[in-house]
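Undergrad: If you scroll down you'll find the structure; I have some questions about it.
The values are calculated or read from the model by the stated rules, or taken from the named source; none is laboratory data. The model shown is predicted, which means the values in this text are computed figures rather than measured ones. Ideal geometry is used to build each Cβ from the backbone, glycine not excepted, and the neighbour counts take in all protein chains shown. We work out accessible area using only protein heavy atoms, side chains counted, and drop any ligands, DNA or RNA first. Shrake-Rupley method; radii C 1.70, N 1.55, O 1.52, S 1.80 Å.
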Amino acid sequence: MSHSTVPRTDTEADNESAAAPEAAHGGGTGAPGKPPTGRLSLRLRFRRDRVLLLMTLPAILLVLLFNYVPILGNVVAFQEYDPYLSDNGIVSILHSPWVGLENFQRIFEDSAFWNSVRNTLVLFLLQLVLYFPIPIALALLINSVVRPRVRAISQAILYLPHFFSWVLVVAVFQQLLGGAGLLSQLLRDHGYDGLSVMTDPDTFKFLVTAQSVWKDAGWGIIVFLAALASVSPDLYEAAAMDGANRWRRMWHVTLPALRPVIALLLVLRVGDALTVGFEQILLQRDAVGPGAAEVLDTFVWWNGVRNQDFGYAAAAGLVKGVISLGLVLIANKVAHLMGEQGVYKK
C-alpha cells in the first residue's frame, strides 16, 4: 500500500517549532502551572534531598545556637548591664537600665581603646607581610620535592607545632629567648650582657609574629598543597617543551593556579584583621605591659571580665565586629575587581 505525503509549508513548520516550547512551559494543551521541563518544584526538591537536609540539620542548629543567638546579647552594649540583678541572664538584661550610646561615647574618648586599636593594626600588618607569604613559599618548596617519603616527613614536621598549645609555645620561646634562656646564657658565656626578648616592649610585636609563624605556618600549607594537586601535569610538560625553566614554570603555571586560593584566604585574613590571637597575647601581656601588648580582644576581656564593666566591653566588641564586617566587604570587592570570586560571587 502506498502512502502519499503532502509537503509542509515553511509557515506550518515554524508554527510547530514555536508550539513545542510553549507546551514544555505549561502553555498550549499542556497542564497549566506545571514547572518547566528539567526543573523541579521546591516541594519535590525537598522530598528528593530530605536525607541530606536531615544530616545537615544538627550542624545548622549548632551554628544558630552558638553563632547567631548570642548576637542578641549585644543589646547590653546599650545598657548599664548588671548580671547580679537575677540568677537568670535574660531577666538581668530586661531589668538593666538603658544608657543609649553612652558606652560608645566612652569608648571613643578612651585613650586605652585607641592604643589597643593601634597595637592590633600593627600586629595585623606585620603578620600579613611576614606571615601570610610563608605558607605559600613552603607549599611551593614541598611541591617541588620529588621523593614522596621526604615530602611526607617534611609535612609531618611542619604540621606538628600546630597541635601545641599556646602555653607550650610561649614556654619554648621563654626557654630560648628569656632572661635566663639559652640565648642569654650563651652571650654571658662569651663575655656579653644577656638579653630578654620576652620582656622587651620594642620587639614584642616581632616576637608574637615569630611565634605565629613557628606554630601555624606549616598548617597553613594544607590548602595550598590541595590547590597544587589539582594542577594538570600536562601544563608543566607543555611549558617545559616551550623552553620554560623551573622558575618560569612556577611563575606562569603554579602561581596562577594558586591565585584564587590566595585571594580567598587574603579576604578571610583581612576579615580577621582585628583578631590577632587572644590567648597568645594574654599569656604575655603582663611581661611587657598593656602599652605594647594590649589588643582589642584583651581590651574587651580586661574590661568585661576583670573590671565587670560588661556594657562597655560589649560596646567595644560590637565596634570591632562592625569594622571587621566592613573590612571583609571591602576586601571581597577588591577580589572581584581583580577577577577572583572571593568569599561570595558578585
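Undergrad: Do we have SER116 as polar (S, T, N, Q), open to solvent by less than 80 Å² (accessible area, probe 1.4 Å) and either at negative phi or within 33 Å of the chain's Cα centre (by Cα) (or both) here?
TA: yes
Undergrad: Quick check on the stretch 227-239: of everything there that is part of a helix (DSSP H, G or I) and free of Cβ contacts under 8 Å to residues at least 24 places away in the same chain, which residue is least open to solvent (accessible area, probe 1.4 Å)?
TA: It comes out as ALA239.
Undergrad: Could you give every pair whose Cβ atoms fall below 6 Å, whose first residue belongs to the stretch 248-271 and is under 15 Å from LEU225 (Cα atoms), and whose second residue is outside any helix (DSSP H, G or I), counting only separations of at least 6 or pairs across chains?
TA: Final answer for the pair search is ALA257/VAL231; PRO260/GLU340.
Undergrad: Given the stretch 134-192, what helices (runs of 4 or more DSSP H) lie entirely inside it while holding 1 or more residues that are aliphatic (A, V, I, L, M), in contact with a helix residue (DSSP H, G or I) (Cβ under 6 Å, 6 or more places away or on another chain) and open to solvent by 40 Å² or more (accessible area, probe 1.4 Å)?
TA: In the stretch 134-192, 166-177, 182-189 are the helices (runs of 4 or more DSSP H) which contain 1 or more residues that are aliphatic (A, V, I, L, M), in contact with a helix residue (DSSP H, G or I) (Cβ under 6 Å, 6 or more places away or on another chain) and open to solvent by 40 Å² or more (accessible area, probe 1.4 Å).
Undergrad: Turning to a different aspect of this structure: In the stretch 199-207, is there at least one residue being at pLDDT below 85 and open to solvent by 30 Å² or more (accessible area, probe 1.4 Å)?
TA: No, the conditions are met nowhere in the stretch 199-207.
Undergrad: Which fully enclosed helices (runs of 4 or more DSSP H) of the stretch 240-346 have 3 or more residues being of a type in the set (Gly, Ala, Ser) and either farther than 27 Å from GLU102 by Cβ or open to solvent by 80 Å² or more (accessible area, probe 1.4 Å) (or both)?
TA: Those helices (runs of 4 or more DSSP H) span 255-271.
Undergrad: Which count do you get for residues in the stretch 193-221 that are in contact (Cβ under 8 Å) with a residue 40 or more places away in the chain, within 23 Å of ILE262 (Cβ to Cβ) and aliphatic (A, V, I, L, M)?
TA: The qualifying residues number 3.
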